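Colleague: This is the structure I want to talk about, given as structure tokens.
The values are calculated or read from the model by the stated rules, or taken from the named source; none is laboratory data. Quick caveat: nothing in here was measured; it's all calculated off a predicted structure. All Cβ positions, glycine included, derive from the backbone under ideal geometry; neighbour counts span all protein chains shown.
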Amino acid sequence: MLKCSIDALNGVFAKIAADATLYLPTDKDGSTVYAEWSEGVELSNALNTAKSPKDFFFPQVEDLMKFKVEGKSISVDDIRSESEDFVVFGVRACDVRSFDILDRVFLVEPYDSYYASRREHGVIISMACSKPAETCFCRTFGIDCTNPGGDIAVWKTEDSVYWNANTEKGEKLLSKLGLEECSDDAVNAQKEKTEKIMSKLPLAGLTTDGFGGGKTLDLFNRPEWKSLSESCLGCGTCTFVCPTCQCYDVKDFNTGNAIIRYRCWDSCMYSDFTKMAHGNNRNSQVERFRQRFMHKLVYYPENNEGIFGCVGCGRCLAKCPISMNIVKVMKTIGGNAE
């Protein structure tokens, strides 16, 4: 275990930024977002960012390739550039788990080279939670917010920041920072306090007992899907703040002298999602609503060793304009008590 004082933290950030671009949560215009660190950029004390750090590895919009058409001749330009080394600081345990979920989508054959390059060049410095919110339910999915994982885990107290490497990438970075060795007594004390808070949160008793692989026939035709979906606006807010959603569309844009092919995030909650010449295979709101939550709670775990497609970060609870979210679905469909 290594540590630095709170007052020395900006100096540590400067050392990290000397070799790689450093991003961290900062407060801007009433919200908490990731921003590139430079002198004067302050680390936010907020529990979590409005959008997840998924964007660093799976951007909301990214160009894939360029086409040029001259008569019957078509040339294809590979417009990718090698990813630069970067570090993302302050990632919470729920968001760290989301990378494992995304890896299982983008790093299986045929793997996504765009995503893989960013994962290779990125270093994740996580931060343990000490003041979880009432919307948090990461423990439902077996996530320990006091041991957040990542390449390096960090615990922040009132006067010090404690660091511990979890991977070779993390050890390599820590070796350059000149931090002092210390005991883990302060970290263990913080963990105990956080665990007590977690056990008293409103969603502490939420379980996945009614969900998982093999539950499709039991849950697919449940009548509650209709009543749950009636208030849904289909706005897609939940999918865009979700750290684990991975749906995207691929589109072409005519620049006048070339065609840029790009991909952008999409949402299974939209009526034109996967729409082709024949139409859409999910024409009603109830079908689209059911698809979102069945994928998180049944389809994904069925194909991924029981791992659920939700990490309990609580963003959808905080951001949904009509307060319809995965927790209400789990309580209604899965029989969780209020």
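Colleague: Which of the residues belonging to segment 181-236 are over 30 Å from Pro321 (Cβ atoms) and of a type in the set (D, E, K, R)? Spell out how you get there, then give the answer.
Modeller: Step one: of segment 181-236, the residues over 30 Å from Pro321 (Cβ atoms) are 181-196, 199, 213-214, 217-218.
Across segment 181-236, the qualifying residues are Glu181, Asp184, Asp185, Lys191, Glu192, Lys193, Glu195, Lys196, Asp218.
Colleague: From the list Cys316, Cys310, pick out the single residue that is closer than 20 Å to Gln60 by Cα and part of a helix (DSSP H, G or I).
Modeller: Cys316
Colleague: Failed condition for Phe58, given (1) part of a loop (DSSP other than H, G, I, E, B); (2) in contact with a helix residue (DSSP H, G or I) (Cβ under 7 Å, 6 or more places away or on another chain); (3) over 30 Å from Thr239 (Cβ atoms), with all others met?
Modeller: With respect to (1) part of a loop (DSSP other than H, G, I, E, B); (2) in contact with a helix residue (DSSP H, G or I) (Cβ under 7 Å, 6 or more places away or on another chain); (3) over 30 Å from Thr239 (Cβ atoms), Phe58 is out only on (3).
Colleague: Would you point out which residue out of Ala153, Ala204 is within 17 Å of Leu47 (Cα to Cα), within 25 Å of the chain's Cα centre (by Cα) and of a type outside the set (Asp, Glu)?
Modeller: Details: Ala204 fails: within 17 Å of Leu47 (Cα to Cα).
Just one listed residue meets the conditions, Ala153.
Colleague: Looking only at segment 228-248, count how many residues are within 14 Å of Val286 (Cα to Cα), hydrophobic (A, V, I, L, M, F, W, C) and not in a loop (DSSP other than H, G, I, E, B).
Modeller: 1
Colleague: Just for segment 260-283: of the residues that are at pLDDT 90 or above and in contact with a Lys or Arg (Cβ under 8 Å, 6 or more places away or on another chain), which one is nearest to Thr237 (Cα to Cα)?
Modeller: Taking the candidates together, the pick is Cys264.
Colleague: So, of the residues in segment 7-30 that are more than 14 Å from Gly90 (Cα to Cα), in contact (Cβ under 8 Å) with a residue 12 or more places away in the chain and assigned to a helix (DSSP H, G or I), which turns out to be nearest to the chain's Cα centre (by Cα)?
Modeller: As a first pass, look at segment 7-30 and keep what is more than 14 Å from Gly90 (Cα to Cα): 7-8, 11, 14-15, 17-21, 28-30.
If we keep only those that are in contact (Cβ under 8 Å) with a residue 12 or more places away in the chain as well, we get 14-15, 17, 19-21.
Next cut, assigned to a helix (DSSP H, G or I) only: 14-15, 17.
Values: Ala14: 26, Lys15: 26, Ala17: 23 Å.
Taking the candidates together, the pick is Ala17.
Colleague: Restricting attention to segment 133-175, which residues are part of a helix (DSSP H, G or I) and under 21 Å from Ser199 (Cα atoms)?
Modeller: Across segment 133-175, the qualifying residues are Cys138, Arg139, Thr140, Phe141.
Colleague: Please count how many residues of segment 86-132 are outside any helix (DSSP H, G or I), at pLDDT 95 or above, of a type in the set (Ser, Thr, Tyr) and more than 16 Å from Lys156 (Cβ to Cβ).
Modeller: 0
Listed here are the residues, each with its yes/no results for (1) in contact (Cβ under 8 Å) with a residue 40 or more places away in the chain; (2) closer than 17 Å to Leu24 by Cα.
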{"position": "Glu70", "(1), (2)": "no, no"}
{"position": "Ser75", "(1), (2)": "no, no"}
{"position": "Cys94", "(1), (2)": "yes, yes"}
{"position": "Val105", "(1), (2)": "yes, no"}
{"position": "Ser117", "(1), (2)": "no, no"}
{"position": "Gly122", "(1), (2)": "yes, yes"}
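Colleague: Out of Val250, Val241, which single residue is closer than 27 Å to Ala93 by Cβ and either out of contact with any His (no Cβ under 7 Å at 6 or more places or on another chain) or at pLDDT 95 or above (or both)?
Modeller: One residue alone meets the criteria, Val241.
Colleague: Regarding Val33, is this residue exposed (fewer than 15 other Cβ atoms within 10 Å of the Cβ), part of a strand (DSSP E or B) and β-branched (Val, Ile, Thr)?
Modeller: no
Colleague: Can you pull out every residue in segment 177-191 that is without any contact (Cβ under 8 Å) to a residue 12 or more places away in the chain and outside any helix (DSSP H, G or I)?
Modeller: none
Colleague: Can you tell me which residues in segment 1-21 are basic (Lys, Arg) and over 22 Å from Asp184 (Cβ atoms)? Lay out the reasoning, then the answer.
Modeller: To start, the set of residues in segment 1-21 that are basic (Lys, Arg) comprises 3, 15.
Lys15, the sole residue that qualifies.
Colleague: Determine which member of the set Gly334, Gly309 is touching a residue at least 40 places away in the same chain (Cβ under 8 Å) and buried (at least 22 other Cβ atoms within 10 Å of the Cβ).
Modeller: The unique qualifying residue is Gly309.
Colleague: Give the number of residues within segment 52-77 that are surrounded by 12 or more Cβ atoms within 10 Å (Cβ to Cβ) and either touching a Cys at 6+ places or on another chain (Cβ under 8 Å) or within 24 Å of Phe99 (Cβ to Cβ) (or both).
Modeller: 12
Colleague: Hey, among the residues in segment 156-200 that are β-branched (Val, Ile, Thr) and either under 25 Å from Val123 (Cα atoms) or loosely packed, with under 13 Cβ neighbours inside 10 Å (or both), which one's nearest to the chain's Cα centre (by Cα)?
Modeller: Checking each candidate, the answer is Thr167.
Colleague: Taking the criterion of being surrounded by fewer than 12 Cβ atoms within 10 Å (Cβ to Cβ), in contact (Cβ under 8 Å) with a residue 24 or more places away in the chain and under 22 Å from the mean Cα position of the chain (by Cα), would at least one residue in segment 40-51 satisfy it?
Modeller: No, the conditions are met nowhere in segment 40-51.
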